[in-house]
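Report on the structure given below.
The values are calculated or read from the model by the stated rules, or taken from the named source; none is laboratory data. Fair warning: this is a prediction, and the values are worked out from it, not measured in the lab. Virtual Cβ from ideal backbone geometry, glycine too; neighbours counted across all protein chains shown.
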Ligand SMILES: Nc1nc2c(ncn2[C@@H]2O[C@H](COP(=O)(O)OP(=O)(O)O)[C@@H](O)[C@H]2O)c(=O)[nH]1
Ligand SMILES: [Mg+2]
């Protein structure tokens with residue numbers, strides 16, 4: 001038996017060490033990783049993929065931790081991909097997330113992977129999506145994808161997740177910002193976290209009023225507004241229930257639509273990555289020809305894409 005087939009076998013038997021090994025192979029973008037990933041990616045995955053977004057400090061990691069605990073109470077298995085902001089110098093993930101979720105460390109029903117967000121596409125790199133696919137193949141009951149709540153990644157998450165949770169807090173004008181940035185529209189569930197702090201009730205009322213302004217009927221999903229105290233676990237159960245309700249609302253057709261959108265995102269990411277790699281390899285004589293006006297940028301691009 002080859003190394004890779006025994007690895008696949010252990011993975012299929014549910015060995016978390018095989019998952020860890022495969023994640024490392026996929027993350028480091030080895031050909032073997034890509035090969036094993038496509039061997040595992042057959043059929044439609046069934047685990048809900050839940051995107052968690054919101055400003056830094058709103059409590060996303062703490063909430064995911066509470067959701068893990070809540071799912072574990074029912075014996076359900078959970079995979080987490082946390083895409084952390086990273087400095088271009090260290091390339092490392094923020095340690096906090098790892099430590100926070102470490103209480104589940106000895107639990108084989110939980111697997112947490114932090115990834116640095118280096119790379120394009122607002123941090124939701126091809127690598128992160130590869131890890132999500134592996135977790136789907138591993139047959140978790142829930143998969144959480146926590147993103148850096150900054151810029152493009154907030155919008156991207158809605159393209160790749162089945163369900164998008166937007167985590168807000170009573171303080172700091174989060175909601176105003178989210179409305180302005182168009183983030184509110186991508187949320188399937190609104191979470192008012194830190195409900196132990198003053199202003200949570202008011203925030204819920206304001207959100208409800210703002211959402212109520214839009215037109216809706218029984219065919220439109222009106223995002224529920226849920227209060228949580230992630231640090232104590234309060235409200236976590238209700239969040240999981242609301243996700244399941246949203247899943248029922250989406251139905252097979254709605255889910256298929258979301259999966260198509262994710263496929264579009266993943267293919268686009270792949271194409272963009274290759275294109276920018278190609279552009280980076282543009283030979284200096286081609287660039288000089290463009291600079292000298294002998295070749296248009298478009299002609300140079302044609303030349304590169306043809307590989308001639
Ligand atoms: N008071 C209060 N603090 C919280 C709550 N949830 C998270 N925090 C704190 O908020 C800070 C940021 O949380 P974290 O989960 O790292 O936020 P993230 O950046 O969105 O992942 C931490 O100090 C948490 O302990 C909550 O419900 N109430
Ligand atoms: Mg976090």
Residue 243 fails exactly one of (1) under 23 Å from residue 171 (Cα atoms); (2) in contact with a strand residue (DSSP E or B) (Cβ under 9 Å, 6 or more places away or on another chain), namely (1)
Taking region 41-77 and keeping residues crowded, with 19+ Cβ neighbours inside 10 Å and away from ligand 1 (no atom under 16 Å from the Cβ) leaves 45, 47, 48, 49, 71, 77
Can you confirm whether residue 98 is assigned by TED's automatic domain parsing to the domain that holds residue 230, outside any loop (DSSP other than H, G, I, E, B) and either at pLDDT 80 or above or surrounded by fewer than 16 Cβ atoms within 10 Å (Cβ to Cβ) (or both)? no
The correct count of residues that are touching a strand residue (DSSP E or B) at 6+ places or on another chain (Cβ under 8 Å) and modelled with pLDDT of 85 or more in region 169-200 is 14
Turns out the helices (runs of 4 or more DSSP H) fully within region 193-308 with at least 2 residues that are assigned by TED's automatic domain parsing to the domain that holds residue 68 are 200-212, 236-280
Residue 83: passes all of (1) modelled with pLDDT under 95; (2) not in a strand (DSSP E or B) but (2)
Only one of 147, 108 is modelled with pLDDT of 65 or more and surrounded by fewer than 20 Cβ atoms within 10 Å (Cβ to Cβ), namely 108
Flagged pairs (Cβ under 8 angstrom, 6 or more apart or on separate chains; first in region 275-289, more than 10 Å from residue 300 (Cα to Cα); second assigned to a helix (DSSP H, G or I)) are 275/305; 278/304; 278/305; 281/304
